[in-house]
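The values are calculated or read from the model by the stated rules, or taken from the named source; none is laboratory data. These figures come from a predicted structure and were not determined experimentally. Cβ sites come from the backbone with ideal geometry, for glycine too, and all protein chains shown count toward neighbours. Note: areas computed on protein heavy atoms with side chains; ligands, DNA, RNA excluded. Shrake-Rupley method; radii C 1.70, N 1.55, O 1.52, S 1.80 Å.
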Amino acid sequence: MKIAVIGSNMVDLISYIDRMPADGETLEAPEFSLGCGGKGANQAVAAAKYGSNVMMLTKVGNDIFADNTINNLKKYNIDTTYVERVNNVSSGVAPIFVDASGQNRILIIKGANKCLLPADIDKAAESLKKCSILILQLEINLETVYHAIEFGSKNNIPVLLNPAPGNAELDIKKICKCDFFVPNETELSIITGMPTNTEENIKKAALTLIEKGIKNVIVTMGARGSMWVTEGKIQCLKAFKVDAVDTSGAGDAFIGCFASCYVKNHDVLKSMREASAFSALSVMKKGTQISYPEKEAVQDLLTE
Ligand code: RIB
C-alpha cells in the first residue's frame, strides 16, 4: 500500500521570536534553526514515519539546498525517483516565525515547486497507478493539482487535498472529485468566503463544500481538535491536551499520519484519532519534520 505525495518541499528558516519587529525596527530574536520542510515533504515524512511506503513527486532547485532535501527524503526511505532538479531557480524556502506561545507565521517562496507540472504526473503515471492514495497541497501550481485530481479519479485512486496555503481562487468544481478535503479553519474560511470563528460556523462552511460534491471534509482546528463532515453526518474529535512549543508542521503531521492509517484500515474516525495523537506529540518539540514522533510514542499516547 504505497502513498504518493505530489507537492512541495521547502527549506525551513525558523526564527523563534518574542514579538514581530515594528516598521523600521531591528530586533534580536532568541533562536534560529534550519530544517527540511514544505507541506508536501512534511506529509510524506509523517506517513513514512508512521510506517507507510511513500513516493514523492517534487522539484528542487540546482542550489546548495537540493542535495540536503533529497538526502533527507531518502533518510526516511521515501522513494525519490520523481524528485527532479531544476536549473536557474532556487529551491523552495520558508521563513517561519514562532512566538513564545508556539504559534507560527509562515512565508513561502515556492521556487522550484512552481516547476512541478501536469506533464510530471503523466511521466510518473505507471508508478502512481500502484498507489493507494494521492496526497496534494497548494504550494504547487493549481493546474498541476487539478490534473492530479483528474488522474486519481480516472484511475480510481483516492485523493486527499490539503488546501494549504488557503487560496480563494481554488476552483471547487475541479476539486469535487477528491475523496478527502482537509483544511484548517483559516483555509476553510479563505476558500468558502465564510466565517469559521466558531464550531457552528465551521460546520456551515464545511457543509457548503459537501453540497458542492466533496465527499469528506476534515477540518483541523488545532487545540480544539478536528471535525469530520460528510453527507448527513458531522463528528468532532477532541485534541490531546499537550504543552505546545512549536505548532509549525502540525497540520502536515496530521495529514501524513491520517493517510498512513486510512489506507490500512479505511476507518476515518480511527485514522483521525491516531493523526491527532501524532500531531499533538509533534507540537511538543521545535521544528517541522524533526518534531514528528515515532509510532511507538503515538501508540503510548493513544493507550494512556
Ligand atoms: O506546514 C508547515 C510548512 O509550511 C513548513 O514546513 C513550511 O515549509 C511551509 O511549507
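Using only DSSP helix segments of four residues or longer, with each worth -39500 (n - 2.57), what per-residue ellipticity at 222 nm results for the chain after dividing by its residue count and rounding to 500?
Working: 11 runs with 109 residues, N = 304.
Using -39500 (n - 2.57) per qualifying helix, the result is -10500 deg cm²/dmol.
So how do 175-181, 29-35 stack up, highest first, on mean other-Cβ count within 10 Å? Write down the numbers at each step before the final one.
Working: 175-181: 21.0, 29-35: 13.1.
Averaged packing, sorted descending, gives the order 175-181, 29-35.
Please give the per residue volume of the convex hull enclosing the alpha carbon atoms of the stretch 91-198, rounded to a whole number of Å³.
Details: hull volume 13.6 nm³, N = 108.
With only Cα atoms used, the stretch 91-198 gives 126 Å³ per residue.
With a 1.4 Å probe and all protein chains left in place, how much of the accessible area of the stretch 109-242 comes from carbon and sulfur atoms, in whole percent? Each step should come with its number before you reach the end.
On the way: 3090 of 5980 Å².
Here it works out to 52 percent.
Size estimate for the chain follows the Kirkwood approach: the inverse of mean 1/r over distinct Cα pairs works out to 19.2 Å. Separation of the stretch 219-255 and the stretch 107-138, taken as the distance between their Cα centroids, equals 25 angstrom. Beta bridges per DSSP, both residues in the chain: antiparallel share near 40 percent.
As a size descriptor, the averaged projected area of the C-alpha convex hull of the stretch 182-266 was calculated at 6.0 nm². Annotation: average projected area of the stretch 158-232 is 4.5 square nanometres, based on the convex hull of Cα atoms across all directions.
Note on the stretch 82-199: with charges restricted to the Cβ of Lys and Arg (+1) and Asp and Glu (-1), its dipole about the Cα centre is near 320 debye.
So what is the accessible area of the stretch 147-257 per residue, in Å², with the probe set to 1.4 Å?
On the way: 4920 Å² over 111 residues.
Solvent-accessible surface per residue comes out at 44 Å².
In square angstrom, what is the accessible area per residue of the stretch 20-135 with a 1.4 angstrom probe? Walk me through the numbers on the way to the answer.
Values: 5670 Å² over 116 residues.
Per residue, the stretch 20-135 has an accessible area of 49 Å².
Once Rg and the Kirkwood radius are both taken over the C-alpha atoms of the stretch 128-189, their ratio Rg/Rh works out to 0.95.
Using the Cα coordinates of the stretch 1-97, the gyration tensor eigenvalues translate into equivalent-ellipsoid semi-axes of 29, 16, 10 Å, sorted from longest to shortest.
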